[in-house]
Amino acid sequence: MKACKDYEDLLPLYVSGDLSSTDHNKVNEHLKECKECRDYQLSLSAITAVMERDVVEMSPSYGAELVVALNRRLDRRSTWQKRLLWTIPAFATAMAVVVITVISLIKTEPAGNQWIAEMDRERDYLNFTDAGYFGEILVNDSDISNGDTDLSTDDLYRGAVYHIVGNPQISDVDSYLLATANLDDEDFEKVIEQLKYEIL
Amino acid sequence: MSKGSEKEKDNLKPDNVRQYNADSFNRLVLENQEKIYSLFRRMVSSHDEADDLTQETFIKVYKNLSKFRRESAPFTWIYRIAVNTGINYLRRQKARQYIGLDSVDLKSGDDVIYDSELTNSLLQKAIKKLSSKQQMVIILRSYQGLPFKEVANIMDSTENAAKVNFSHALKNLKSVLENMGVSYESM
């Protein structure tokens, strides 16, 4: 004869109507004799009854509104893609013009050397002030020292990981998070702690 | 296969899959939006969040139309994308809470309501405390009423594994509700 523990595992499927007829009859027989399991089954039935009664309220126009919103997003995406395609030949042409102009200045005009030297000085100034070597903008000193100079390393890690997991644009995070879908809270917390130090 | 799913499959004939056809995509959205929105509405607490996730799901559907291999019904394929989107959303939220910068404290006793009746809003709070996969199996089977065969297809598992997962989820849900002080006597 099965112990109550075994019936406890079958009761959720008994309540949802997903047991084979043999198992269903066995559970029925046991419930007649065991008040504890009967109470357990009634609690599970009460929970599933609330779920089955629940109806999601939706605006009748939601479907049409969704289609409009999606098409707008997709149109915007394709416009940007087209624009991006146009920029490639435009950029190549612009670069060719710059190279030809610079070469002709070096070769023909002595005064051009002076102009190039001035341009170099300007570039050097930019490199060591607010722009990187590849034109990226560096963070201003004032932003770094904006009252947050006493942040600990842990705070910085937490902030960075928080940003990474919160940013839906970073799709690689999805595959890591999907792999944790079966973990209970305690194990998940361990993974996140590990992630905090290893992802960076 | 049901008439509904045959009709859905017709919308994804090779011509339509290879060449983006706005009408067929729009029809696909209209035929599945209710199921996908209600899945998310049971998972999150606001209409806006559910709407965002529904849109994200259909954008992914659009981007991956050419990869759809017709091994399953479009309905199952779209559900699978939605479930993965939902699981990732829940994981991201939980990760942010664990990192400690979100205001919700998972381990606080804020949800303890003694001698309370079991209502759907309490149930939804309790469901949020389950693992994301257990949340999904509960929503798909008990709220959406899908058979386990379909649940297994969507969650890329066997039917038996889906049943075991559901059984654990419902038992865990009962324990969570008891810890919240819910009483079943009035049910």
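None of the figures in this text is laboratory data; all of them are computed from the coordinates on show. Everything numeric here is computed off the predicted structure, so don't read it as measured data. FYI the Cβ positions are ideal-geometry reconstructions off the backbone, even for glycines, and counts take in every protein chain you see.
Put a plus charge on the Cβ of each Lys and Arg, a minus charge on the Cβ of each Asp and Glu, and nothing anywhere else: the dipole of the stretch A:4-53 about its Cα centre is then about 180 debye. Each residue of the stretch B:162-170 was assigned a 3J(HN,Hα) from its phi angle through the Karplus curve 6.51 cos²θ - 1.76 cosθ + 1.60 (θ = phi - 60°); the sequence is 5, 5, 4, 4, 5, 4, 5, 4, 5 Hz, with glycine and proline shown as x.
Taken residue by residue and averaged, Cβ atoms of other chains lying within 10 Å of the Cβ of A:56-68 number 5. Remark: spin-label model distance residue A:24-residue A:193 equals 4.7 nm, labels positioned 7 Å along the Cα→Cβ axis.
Taken over the stretch A:4-53, the percentage of Cα pairs per 5 Å bin, counting from 0 up to the bin with the maximum distance, is 5, 22, 34, 23, 11, 4.
Between residue B:159 and residue A:68, the modelled labels are 4.4 nm apart [label points 7 Å from Cα along Cα→Cβ]. Find which of A:19, A:49, A:7 sits farthest along the positive direction of the dipole of the stretch A:4-53, computed with +1 on the beta-carbon of Lys and Arg, -1 on that of Asp and Glu, about the Cα centre. Positive-end residue among those listed: A:49. Rg and Dmax, both from the Cα atoms of the stretch B:36-101 and both in Å, are 13.3, 43. Annotation for residue B:34 and residue B:175: the two label points, set 7 Å from Cα along the Cα-Cβ direction, are 3.8 nm apart. In units of the compact-protein estimate 2.2 N^0.38 Å, the stretch B:129-187 shows a Cα radius of gyration of 1.21.
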